[in-house]
Amino acid sequence: MSNVVNDGTVMNDIGANGTGIKSIKRLLIANRGEIACRVIRTCKKLGIESVAVFSDADRHAQHVQQADLAVYIGASSAKESYLNAQSIIDAALKIKADAIHPGYGFLSESTELITLCQSNDVIFIGPSVESIADMGSKIEAKAIAQSLDIPTVPGYNGESQDGAILKSESEKIGYPLLIKASAGGGGKGMRIVNEASEFDEALTLAKQESLSSFGDDRVLLEKYLVRPRHIEVQVLGDSHGNVVHLFDRECSIQRNYQKVIEEAPVSHLGDELRQKLFDCSVRLGKYLNYLGAGTIEFIVDADTQDAYFLEMNTRLQVEHPTTEFVTGIDLVECQIKVAKGEPLSFSQDQITTTGHAIEARLNAEDPANNYMPETGIIELYREPTGEGLRVDSGVSQGSEISPFYDSMVAKVIAYGSTRGLAAQRLLKGLNNFSIGGFKTNQEFLIALITRPAFHQELTTQYIAIQFPEGWKPWGEAMHMAIAAAAYAEQGQHDASNMQAGNPWQRKGSWRVTELSGTPASAWFCIEHGGELIEMSVQGRAGDYRVRVGSDNDDGANADSAKAEQYHVMLTRPNALQRDVTYWQVEINNTRVSLDILFTENQKVSLSSPRLNRSYSFVTLEDSLLGPAAALKDSSTSIRAVMPGIVTDVLVKVGDKIEEGETLLVMEAMKLIHNLPAPCAGVVKDVLCVAGDSVADGEMLIDIDPDESQD
């Protein structure tokens, strides 16, 4: 447990050791979650005292628990805590930290934080202000690459941001093309334009999103490659002029420009092209006098094998464990040592790779519902173990996934002597990862790596090609039936754990027991994918008949247009058993074992190998009269997709709109959500402005529908 510091008093002043090498005995980590825990591990290895920082939301987080000291830095909003450079430097000075490690994200590429470090004699573990500034602007970075004869994607990166000039340049480049925020990353401020008629709207949205996300609306234009590969090279530099590469990584499996699966080294890449990428990367690193760990990203045309410089990330990458596995080099340790002034302890010809490593990002999100981020308490958490397996996380059972930060829960990294063995170990690790309390992308990740195409040449189109209609989980109705039967069983047999409002507690019109002894019936709904699915359960004592859907549905809801019947038998564990979440389930004569959790807000979570589901139950009364009834009226309104901040409102009362037109932009869990009009019509009411914090399901825009469209 950390010593939490809330006042200004502490510890020993530490100076240099007189050898030209700076001393780092106390290191503050200006980050949270898994990367903070990752840096803490290396601090322990090196005998360095670690200092965590935390916001209101993170007061009991894992990185706070694991660090030697912890300092409060502000409110839950990242802007008031982890993105507040002054709060970070104040915390460092308060406990007399020798150095600050920024992790990735947040202030990891902030020239403001480095400047504050320099003026307060605190070591910043990362590159120089100049390197970050040069690479922070995609326009400037592209110009530098071109000056070094490093190929860049054909396009326009000039200074003019006039719409007419940009439109003219787009015609020269040709379609399809990409509009990209100059100061951006992670897919924000980025739009694909397939033809000239789409350009103006795409430019407006890209600039608005870029300004909202980065405070800078400058964009550049690039030719859009139809079958691109995303390949990157890890580099390390020291203050003695040495720059080396640590080989390459494949990051082509992406969704909305966010990496999902990463691996090292790259497969299906010619030796000549690979060496070219290494040479270009080291050349750029030497030009920048680069200090610390950095990653040069390239886009490779899978059809022509032409490679183009994309950008440089002047920090540690999320996927750095794959490189650590195959090289045996601790990148965080290297960052700390070169920041102290030590030279790299190895030369280029001493760095080799052995085997293969693959990383999967486990996120709190619902892939079946447009990857909508999930929030909640982690009610069940068991990390997998095994040979060649590593899990990097910043959570434990009982941790909260809040709406204030990104949705990544953990990274599962597998190593093997071959790519096939690494993939097999990763599959086993994902299968044996038990997590419950909300939905995750666990099943989706398993689907990605079990496709035959996973062992062929990868491109950034992988997900779109493998799941052209979007990914859908298997057996959804069956698992709803299991959850409903377990919900009923819990309500009938464990009064102490009954949820408030459980339909089995209600003796009204929704629950019927006939005099002949027919088992009780209950009717309720499951909230799923933004819709309500009607359910009925009949039975008792572990033996239930469940109907999913309604035969009387009007057909608008495909999930409930035809009722499905299930016979579910449950065996509850003995209360004295060690693992009380474990259940035996038999459904339609098929027997399975599941972890079943009952959480607050009438939610039931199912977890097993290859499975992670979470269902929210709503009584029939509430579905008709309560807040959930709003879901049935969502065809003429826009509601918040989850708790978050409105970043842009693109319409006003009286505007005519088309179905699918983006009306509003929200930021939630560090992601930008464009909310489209559910129908054509006229804006009837706008109930928010940019900057508003909104609750999940809150109405934001009301629409008077155009009846002629029906």
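Side notes on the structure shown:
- Amide N of region 60-93 lying under 17 Å from the label point, which is placed 7 angstrom from the Cα of K25 along Cα→Cβ: 68-69, 93
- Label-to-label distance, nm, for residues given as L148 and Y582 (7 Å Cα→Cβ offset): 5.5 nm
- Backbone phi angles across region 273-280, fed through the Karplus curve with coefficients 6.51, -1.76 and 1.60 (θ = phi - 60°), yield HN-Hα couplings of 5, 4, 5, 4, 5, 4, 4, 4 Hz in residue order; Gly and Pro are listed as x.
- Only Cα pairs under 8 Å and 6+ residues apart enter the sum, and on that basis the relative contact order of region 627-709 stands at 38 percent.
- Cβ-defined net charge surrounding F454, 12 Å radius [Lys, Arg +1; Asp, Glu -1]: -1
- Pairwise FRET efficiency - V689 versus F346, Cβ, R0 = 45 Å, nearest 0.05: 0.25
- Vicinal HN-Hα couplings computed from phi for region 199-209 (Karplus, 6.51 cos²θ - 1.76 cosθ + 1.60; Hz; Gly/Pro x): 5, 4, 5, 5, 5, 4, 5, 5, 5, 5, 5
- Scanning residues 5 or more positions from I261 or on other chains, those with amide H under 5 Å from its amide H are I253, with H placed 1.01 Å from N in the peptide plane.
- Pairwise label distance in nanometres, I139 with W474, each label 7 Å out on the Cα-Cβ vector: 5.1 nm
- Checking the cross-link pairs K45/K337; K167/K652; K25/K286; K45/K96; K25/K337 against a 18 Å limit on the alpha carbon distance flags K167/K652; K25/K286; K45/K96 as lying beyond it.
- The stretch between E80 and S168, if pulled fully straight at 0.36 nm per residue, gains 27.6 nm over its current Cα-Cα span.
- Separation of region 64-96 and region 199-273, taken as the distance between their Cα centroids, equals 30 angstrom.
- Annotation: amide H-H contacts under 5 Å for A70 (H modelled 1.01 Å from N, sequence separation of 5 or more, or interchain): N3, V4, V5, A52.
- Inter-label distance for N289 and E112, nm, one decimal - labels placed 7 Å from Cα along Cα-to-Cβ: 2.6 nm
- Distance from the alpha carbon centroid of region 280-320 to that of region 99-139 works out to 18 angstrom.
- Two-site FRET efficiency, S417 against Y175, from Cβ-Cβ distance with R₀ of 41 Å, rounded to 0.05: 0.35
- Cα centroid separation - region 327-385 against region 645-691, whole Å: 37 Å
- Region 234-355, relative contact order [Cα under 8 Å, separation at least 6], %: 31 percent
- Residue list for region 221-249, given a label point 7 angstrom along the Cα-to-Cβ vector of S160 and an amide N cut-off under 20 Å: 221-223
- Computed over region 154-223, Kirkwood Rh from alpha-carbon pairs, angstrom: 11.5 Å
- Maximal additional length on extending the N674-E272 stretch stands at 140.5 nm, based on 0.36 nm per residue less the C-alpha distance.
- In this structure, N256 and T590 have a Cβ-Cβ separation that, at R0 = 41 Å, corresponds to a calculated FRET efficiency of about 0.70.
- Cα Rg over Rh - the chain, Kirkwood: 0.98
- Relative contact order computed over the chain (Cα-Cα under 8 Å; 6+ residues apart), in percent: 9 percent
- Distant-in-sequence amide H partners of R639 (H built 1.01 Å from N, under 5 Å): L700
- Grouping the Cα pair distances of region 3-125 into 10 Å bins from zero gives a pair-distance distribution of 14, 51, 31, 3, 0 percent in increasing distance order.
Bear in mind these aren't lab numbers, they're just calculated from the coordinates by the rules spelled out. Remember, it's a predicted structure, so these values are computed and weren't measured experimentally. No Cβ is skipped: glycine too gets one built from the backbone with ideal geometry, and neighbour counts run over all protein chains shown.
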